[in-house]
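Report on one structure; see the data block that follows.
The values are calculated or read from the model by the stated rules, or taken from the named source; none is laboratory data. All values reported here derive from a predicted model rather than from experimental measurement. A quick note on method: Cβ atoms are made from the backbone with ideal geometry, for glycine too, and the neighbour counts reach across all protein chains shown.
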Amino acid sequence: MTNDHAPILEVRDLCYAYPDGRRALDNVSFSIEAGERVGLLGPNGAGKTTLLLHLNGVLAGTGGAKVCAVRVAGMPVTNGALREIRRRVGIVFQDPDDQLFCPTVFEDVAFGLRCRARRTWKSNGASPGRSMSSGCRNMRRAAPSI
(Lines give C-alpha, C1' and ligand atoms only; values in the text may rest on other atoms or scores of the structure.)
Protein backbone atom coordinates (compact mmCIF):
# COMPACT_ATOMS: atom_id res chain seq x y z
CA MET A 1 0.00 0.00 0.00
CA THR A 2 2.95 2.34 0.57
CA ASN A 3 5.72 3.37 -1.79
CA ASP A 4 9.16 2.91 -0.18
CA HIS A 5 10.70 5.60 -2.41
CA ALA A 6 8.04 8.24 -1.82
CA PRO A 7 8.58 11.08 0.63
CA ILE A 8 7.19 10.27 4.07
CA LEU A 9 5.04 13.39 3.72
CA GLU A 10 4.16 15.32 0.59
CA VAL A 11 1.86 18.33 0.19
CA ARG A 12 1.28 19.89 -3.23
CA ASP A 13 -0.73 23.04 -4.05
CA LEU A 14 -2.83 22.85 -0.88
CA CYS A 15 -5.33 25.65 -0.37
CA TYR A 16 -7.85 26.05 2.42
CA ALA A 17 -10.28 28.77 3.41
CA TYR A 18 -12.23 28.91 6.66
CA PRO A 19 -16.04 28.92 6.47
CA ASP A 20 -16.01 32.73 6.79
CA GLY A 21 -13.95 32.91 3.57
CA ARG A 22 -10.65 33.86 5.22
CA ARG A 23 -7.83 32.07 3.41
CA ALA A 24 -5.60 30.03 5.73
CA LEU A 25 -3.44 28.11 3.24
CA ASP A 26 -2.58 29.33 -0.24
CA ASN A 27 -0.83 26.87 -2.59
CA VAL A 28 1.30 25.24 0.12
CA SER A 29 3.79 22.71 -1.26
CA PHE A 30 6.59 20.78 0.45
CA SER A 31 7.89 17.27 0.97
CA ILE A 32 9.67 15.59 3.86
CA GLU A 33 11.89 12.56 3.41
CA ALA A 34 12.18 9.76 5.96
CA GLY A 35 14.63 10.73 8.69
CA GLU A 36 14.35 14.48 8.14
CA ARG A 37 13.56 16.70 11.11
CA VAL A 38 11.37 19.69 10.41
CA GLY A 39 10.13 22.55 12.56
CA LEU A 40 6.90 24.34 11.74
CA LEU A 41 7.06 27.89 13.05
CA GLY A 42 4.80 30.90 12.77
CA PRO A 43 2.74 33.38 14.75
CA ASN A 44 -0.72 32.60 16.11
CA GLY A 45 -3.21 32.36 13.28
CA ALA A 46 -0.58 31.61 10.62
CA GLY A 47 -2.20 28.27 9.69
CA LYS A 48 0.13 25.78 11.41
CA THR A 49 -2.65 23.77 13.05
CA THR A 50 -4.82 24.07 9.95
CA LEU A 51 -2.00 22.55 7.90
CA LEU A 52 -1.46 19.72 10.38
CA LEU A 53 -5.18 18.88 10.41
CA HIS A 54 -4.89 18.15 6.68
CA LEU A 55 -2.21 15.51 7.31
CA ASN A 56 -4.64 13.02 8.82
CA GLY A 57 -7.77 14.08 6.97
CA VAL A 58 -9.52 16.09 9.68
CA LEU A 59 -9.70 18.93 7.14
CA ALA A 60 -9.76 18.59 3.36
CA GLY A 61 -8.24 21.31 1.25
CA THR A 62 -8.58 22.39 -2.30
CA GLY A 63 -5.98 23.21 -4.87
CA GLY A 64 -7.59 26.37 -6.13
CA ALA A 65 -6.97 26.29 -9.87
CA LYS A 66 -4.67 23.24 -9.46
CA VAL A 67 -5.33 19.77 -8.08
CA CYS A 68 -3.97 19.54 -4.55
CA ALA A 69 -2.39 16.43 -3.11
CA VAL A 70 -1.58 15.44 0.45
CA ARG A 71 0.23 12.11 0.79
CA VAL A 72 1.50 10.26 3.84
CA ALA A 73 4.01 7.48 3.14
CA GLY A 74 2.89 7.51 -0.48
CA MET A 75 -0.80 7.15 0.38
CA PRO A 76 -3.19 9.91 -0.65
CA VAL A 77 -5.12 11.42 2.24
CA THR A 78 -8.53 10.40 0.93
CA ASN A 79 -11.54 8.69 2.47
CA GLY A 80 -10.35 5.28 1.26
CA ALA A 81 -6.98 5.58 3.04
CA LEU A 82 -7.97 7.50 6.19
CA ARG A 83 -7.99 4.47 8.48
CA GLU A 84 -4.37 3.56 7.67
CA ILE A 85 -3.21 7.18 7.62
CA ARG A 86 -4.73 7.88 11.02
CA ARG A 87 -2.84 4.88 12.37
CA ARG A 88 0.35 6.67 11.26
CA VAL A 89 -0.44 10.35 11.90
CA GLY A 90 -1.57 11.46 15.34
CA ILE A 91 -2.04 14.96 16.64
CA VAL A 92 -1.56 16.11 20.22
CA PHE A 93 -2.79 19.64 20.70
CA GLN A 94 -0.65 22.25 22.45
CA ASP A 95 -3.47 23.39 24.73
CA PRO A 96 -4.58 20.64 27.12
CA ASP A 97 -8.13 22.02 27.00
CA ASP A 98 -8.22 20.97 23.32
CA GLN A 99 -7.46 17.32 24.10
CA LEU A 100 -10.17 14.71 24.03
CA PHE A 101 -11.56 14.72 27.55
CA CYS A 102 -9.11 12.94 29.82
CA PRO A 103 -7.04 14.54 32.59
CA THR A 104 -3.73 12.82 31.71
CA VAL A 105 -1.65 12.18 28.60
CA PHE A 106 -1.83 8.43 29.21
CA GLU A 107 -5.61 8.39 29.39
CA ASP A 108 -6.00 10.51 26.23
CA VAL A 109 -3.64 8.29 24.22
CA ALA A 110 -5.02 5.09 25.74
CA PHE A 111 -8.57 6.07 24.75
CA GLY A 112 -7.71 5.85 21.06
CA LEU A 113 -5.67 2.71 21.51
CA ARG A 114 -8.47 1.03 23.45
CA CYS A 115 -10.97 1.83 20.74
CA ARG A 116 -8.68 0.45 18.04
CA ALA A 117 -7.40 -2.61 19.83
CA ARG A 118 -10.05 -3.64 22.38
CA ARG A 119 -10.55 -7.06 20.79
CA THR A 120 -6.81 -7.73 20.57
CA TRP A 121 -6.26 -6.84 24.22
CA LYS A 122 -9.09 -9.11 25.33
CA SER A 123 -7.80 -12.03 23.29
CA ASN A 124 -4.22 -11.86 24.59
CA GLY A 125 -4.80 -10.50 28.10
CA ALA A 126 -2.77 -7.33 27.54
CA SER A 127 -3.72 -3.82 28.56
CA PRO A 128 -2.33 -0.36 27.74
CA GLY A 129 -0.71 -0.16 31.17
CA ARG A 130 1.02 -3.52 30.86
CA SER A 131 2.16 -2.98 27.27
CA MET A 132 3.53 0.54 27.80
CA SER A 133 7.30 0.78 27.44
CA SER A 134 9.25 1.47 30.61
CA GLY A 135 10.56 4.71 29.09
CA CYS A 136 7.05 6.17 29.07
CA ARG A 137 5.76 4.66 32.29
CA ASN A 138 6.70 7.79 34.30
CA MET A 139 4.43 9.87 32.00
CA ARG A 140 1.40 7.68 32.65
CA ARG A 141 -0.24 10.10 35.10
CA ALA A 142 1.26 13.34 33.75
CA ALA A 143 -1.07 16.20 32.95
CA PRO A 144 -1.15 17.11 29.24
CA SER A 145 0.21 20.57 29.97
CA ILE A 146 3.73 19.46 30.94
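Points to keep in mind about this one:
- Hits in region 1-29 - residues which are among the hydrophobic types (A, V, I, L, M, F, W, C) and within 20 Å of Arg86 (Cα to Cα): Met1, Ala6, Ile8, Leu9, Val11, Leu14
- Residue in region 93-109 that is part of a loop (DSSP other than H, G, I, E, B), at pLDDT 75 or above, of a type outside the set (A, V, I, L, M) and under 26 Å from Glu10 (Cα atoms) present: no
- Candidates Leu14, Leu52, Leu59, filtered to the one that is within 25 Å of Val109 (Cα to Cα) and either touching a residue at least 40 places away in the same chain (Cβ under 8 Å) or in contact with a His (Cβ under 6 Å, 6 or more places away or on another chain) (or both): Leu59
- For region 9-54, the tally of residues that are of a type in the set (Phe, Trp, Tyr) and crowded, with 17+ Cβ neighbours inside 10 Å stands at 1.
- Matching residues, region 72-92, being assigned to a loop (DSSP other than H, G, I, E, B), surrounded by 15 or more Cβ atoms within 10 Å (Cβ to Cβ) and out of contact with any Ser or Thr (no Cβ under 8 Å at 6 or more places or on another chain): Val77, Val89
- Long-range neighbours under 9 Å by Cβ, at least six apart or interchain, first residue assigned to a loop (DSSP other than H, G, I, E, B) within region 29-47, second small (Gly, Ala, Ser) and surrounded by 11 or more Cβ atoms within 10 Å (Cβ to Cβ): Ala34/Ala73; Gly45/Ala24; Ala46/Ala24; Gly47/Ala24
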